[in-house]
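Structure record follows, encoded as structure tokens.
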Amino acid sequence: MSDINIKITDRDGVTHDVVAPTDMAMNLMEVVRSYELAPEGTIGVCGGMAMCASCQCYVISETELPEMSDDEEAMLSEAFDVKDNSRLGCQIQMTPEMDGLEVELAPES
Ligand code: FES
């Protein structure tokens with residue numbers, strides 16, 4: 001099995017059931033972009049380098065996520081609308097362990 005099911009709530013509050021491949025080295029930000037769940041230019045601004053926080057999302061499910069890198073932590077400490085469950089979507093790789101992940105996109109900042 002190389003696809004996982006995740007739920008992404010967009011900035012208008014609409015929840016989308018999304019199927020994401022785990023064999024294409026995609027991250028969550030790229031999944032959001034490929035499904036066009038956020039307008040072009042409002043997510044993934046830095047190209048996934050943990051340098052813009054445009055891909056910030058709130059993790060709603062209990063899914064165990066990889067530890068934050070120092071870069072991710074540093075970026076989130078400067079970002080707006082950060083909550084305890086904030087993560088940078090570009091730092092979450094689509095792996096089989098992410099099946100069932102539920103996230104909400106943070107507001108555009
Ligand atoms: S795309 Fe810029 S921090 Fe994730």
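With a 1.4 Å probe and all protein chains left in place, how much accessible area per residue does the stretch 1-99 have, in Å²?
I get 57 Å² per residue for the stretch 1-99.
Pop out the ³J(HN,Hα) list for the stretch 41-51 in order, Karplus 6.51 cos²θ - 1.76 cosθ + 1.60 with θ = phi - 60°, rounded to Hz; leave Gly and Pro as x.
With coefficients 6.51, -1.76 and 1.60, one gets x, 10, 8, x, 4, 8, x, x, 9, 6, 10 Hz.
Based on the mean of other beta carbon atoms within 10 Å per residue, what is the order of 73-85, 27-39, most packed first?
Ranked by mean Cβ neighbours within 10 Å, highest first: 27-39, 73-85.
Each residue of the stretch 84-97 in order: what ³J(HN,Hα) in whole Hz does its phi give by Karplus 6.51 cos²θ - 1.76 cosθ + 1.60, θ = phi - 60°, with x for Gly and Pro?
4, 9, 6, 9, 8, x, 6, 9, 10, 7, 7, 10, x, 5
Using the 2.2 N^0.38 Å rule of thumb for compact globular proteins, work out how the chain stacks up: its C-alpha Rg over that value, please.
Taking the Cα Rg and dividing by 2.2 N^0.38 Å, one obtains 0.95.
Considering only protein heavy atoms and a 1.4 Å probe, what is the carbon-and-sulfur percentage of the accessible area of the chain?
47
Could you tally the net charge around Pro66, taking each other residue with its Cβ under 12 Å from the Cβ of Pro66, Lys/Arg +1 and Asp/Glu -1?
Charge balance near Pro66 sits at -3.
How large is ³J(HN,Hα), in whole Hz, for each residue of the stretch 61-72 in order, when computed from phi with the Karplus curve 6.51 cos²θ - 1.76 cosθ + 1.60 and θ = phi - 60°, using x for Gly and Pro?
For the stretch 61-72, the Karplus curve yields 6, 8, 3, 7, 9, x, 3, 6, 7, 4, 5, 5 Hz.
So if I restrict to the alpha-carbon atoms in the stretch 1-51, what is the Rg, and what is Dmax, the biggest pairwise distance, in Å?
Just the Cα atoms of the stretch 1-51 yield Rg and Dmax of 11.4, 32 Å.
For Glu104, what charge total do you get from the other residues with a beta carbon under 15 Å from its beta carbon, if Lys and Arg give +1 and Asp and Glu give -1?
-4
Give me Rg/Rg_expected for the stretch 58-109, where Rg uses Cα atoms only and Rg_expected = 2.2 N^0.38 Å with N residues.
So the stretch 58-109 has a normalised radius of gyration of 1.11.
Scan around Leu101 for amide H atoms under 5 Å from its own, H built in the peptide plane at 1.01 Å from N, and keep only partners 5 or more places away or cross-chain.
Long-range HN contacts for Leu101: Lys7.
Suppose a student asked you for the relative contact order of the chain, using Cα pairs under 8 Å spaced at least 6 residues apart; what percent would you report? Please list the in-between numbers first.
Numbers: 196 pairs, mean separation 43.2, N = 109.
Averaging sequence separation for qualifying contacts and normalising by length gives 40 percent for the chain.
The values are calculated or read from the model by the stated rules, or taken from the named source; none is laboratory data. Every value quoted in this text rests on a predicted model; they were computed, and no experiment measured them. All Cβ positions, even for glycine, are placed from backbone atoms using ideal geometry, and neighbour counts span all protein chains on display. The protein model used for the area step is the full one, side chains on, heavy atoms only, and it has no ligands, DNA or RNA in it. Shrake-Rupley method; radii C 1.70, N 1.55, O 1.52, S 1.80 Å.
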